[in-house]
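To start, the structure itself, in C-alpha cells.
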C-alpha cells in the first residue's frame, strides 16, 4: 500500500487500514521534509472542525425566504463520524491526551444589517431543534453578544441591527498535530514513513501492480522505482497531476482551479483573551463560499492566537511548495472544455479575485474592523494560508462546473484512488476515507463492518434521523475527547 502525501488524509486512511488489515504493508511518501506542511498545517487552514455550527455558507436562503439546512446537516454528520474515530483512538490508547489536537471553542455566527439579522433568525429557528445542533443560542442584544465575545461590540454604532448565534460544543482542531500523532502510531504498528520522496509518475503494469517512479526531495536525483498493489494519492493539489499521469479513465474531464489566501493574525494575549470563540460572518452578495469572513481562535501547542480572513489571492501553483507551471501542466484535451465552461460560469469568482488582489492594506483591514471595530493595525500581521485547488468537472448541462467541496476519484478496479478538492476537507477526513474504502475494497467491506462499527459506532446509520442515537453518540465522543457535551 502506497499512500502519497503526508497529510491528514493519508494518515487517516493508513490508520483505518492498519486496524482492518494489520498485516498489510503500508508506506507513506511525502515530498517535503516533514508531515503536514501543506493543507494540513494548522496555519494553512482554519481548523474549525467544520460542523456547520457557525458557517453560514452551508445554510443558503431559498427564493421563498426559507433556509435550506441539508448541507449543514450533512457536514455536521460527517464531522461526528470523524469525532467518533478520534474518540475510539483515544479510548484505545492510540492517541494521547486529546487536548494535544482538539480543544473546545464555542462557535458563533455574527451578522449586522436588517436583512442579515432576519436571515440569521430564520437559520436559528431552522436548526435549534435539530439533534445535531442542540444547545444553539440566539441573541440580538448587544450586551449578551458582548458577553459571548467582547471584541465584537465596543466601537460599534448602537443603532446598528446585529444578531449572533452561539453553541458551546464547537471545537478547534490542530490537524497538523493530529496528522503527526496518527502517523507516529502507524509507524509503531509497522508502517513506513518516507520523507523527502517525491513521486513523479504512476504506471499500471501488466501484472496489475502500480510502478511508482520517484526522486529524492523536490527536483532531486531519481530513486529506484518500486511497486504497490494499491495507491492512494492524497497530496492535496498534487493529486490531480499524478492521477492524470496514472492514465485511469475516471480522471478524464477533471481539472483544478488554484486559489491562494492570506489571514491577519495576532498573538497578543490581551486581545486573544477577549475572543475565546470562532465567529463566522456572512459573505458579501455575489461572493463565493470561500470568501466567508471569520475571526477565529486557534489553539496550537497550547498557545492561543486569532486569525481573521480569508483574503483571496491567486497563484498558478497547486501547492505552496509547488511550481508556477502547475495550472498549465494540468490542462489536457479532455478537461479543456470543462475548465473554460466553469470559468465562464464563474465570472463572479474572477471578479472577486481581481478585487481582492487590487485591494489595499487599508481596505482589507476595514473588513476586520467590521468584526472588531477597535482593531489596531499594529497588533496584526499577515500570514499566507494554504493553496486550495477547487475541483472542476464535467457537467451534462453546463459542460463544466466549479465544485466547492471534495471528491474521491477511484479506478474501476479499486487499485488506485485520489482525493481532489478542498473544504470541508480535513474535518471530514474519516467519512471521506470510509467512502474510499467502500469504493476500492467492496469485497472486504462486509467482513470489515464489525470492526468499523467498533471504530465508528454510527457507521451505516444516520445520526440526524435518530435523535436518541445522536444524543448518545455526541455525549460519548465528548467524554472521550474532553469536550462539552
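None of the figures in this text is laboratory data; all of them are computed from the coordinates on show. Here the structure is a predicted model, which means the values were calculated and not measured. Methodologically, a virtual Cβ is constructed for each residue, glycine included, from the backbone with ideal geometry; neighbour enumeration extends over all protein chains shown.
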Problem set entry | Options (1) 72, 48, 45; (2) 68, 53, 41; (3) 165, 149, 36 - which one matches Cα extents along the principal axes in Å as calculated here | (1)
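Label the range 313-361 by shape, choosing from rounded, prolate and oblate, from the square roots a ≥ b ≥ c of the eigenvalues of the Cα gyration tensor; if a/c is under 1.5 it is rounded, and otherwise prolate applies when a/b is larger than b/c, oblate when it is not.
Details: a/c = 4.12, a/b = 1.24, b/c = 3.32.
Here the range 313-361 falls in the oblate category.
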For this session: Measure nothing fancy, just the Cα-based angle from helix 175-188's long axis to the longest principal axis of the chain, in degrees from 0 to 90, nearest 10.
Result: 30 degrees
Problem set entry | Principal-axis tilt of helix 361-371 within the chain, Cα atoms, nearest 10 degrees | 70 degrees
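Could you work out the helix-only [θ] at 222 nm for the chain, with each DSSP H run of four or more residues adding -39,500 (n - 2.57) and the total divided by the number of residues, to the nearest 500 deg cm²/dmol? Before the final figure, lay out each step's value.
Values: 14 runs with 160 residues, N = 485.
Computed ellipticity for the chain at 222 nm equals -10000 deg cm²/dmol.
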Exercise. Relative to the longest principal Cα axis of the chain, at what angle does helix 429-440 sit, 0 to 90 degrees, rounded to 10?
Worked result: 30 degrees
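With 10 angstrom as the radius, rank 328, 318 by how many other C-beta atoms surround their C-beta, starting from the fewest.
Values: 328 9, 318 27.
Listing 328, 318 from fewest to most nearby Cβ atoms yields 328, 318.
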Seminar exercise, completed: Descending packing, highest mean Cβ count within 10 Å first, for 243-252, 56-65 is 243-252, 56-65
Seminar exercise, completed: Output ordering of 113-120, 389-396, 19-26 (per-residue mean of other Cβ within 10 Å, highest first) is 389-396, 113-120, 19-26
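Stokes-Einstein D for the range 382-485 at 4 °C, 1.567 mPa s, Kirkwood Rh over Cα pairs, in µm²/s?
Rounded, D is 78 µm²/s.
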Problem set entry | Burial order of peptide ranges 440-449, 163-172 (average beta-carbon count within 10 Å, highest first) | 163-172, 440-449
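Taking neighbour Cβ counts within 10 Å as the exposure measure, how do 173, 336 sort from fewest upward?
Ordered from fewest to most neighbouring Cβ atoms within 10 Å, 173, 336 come out as 336, 173.
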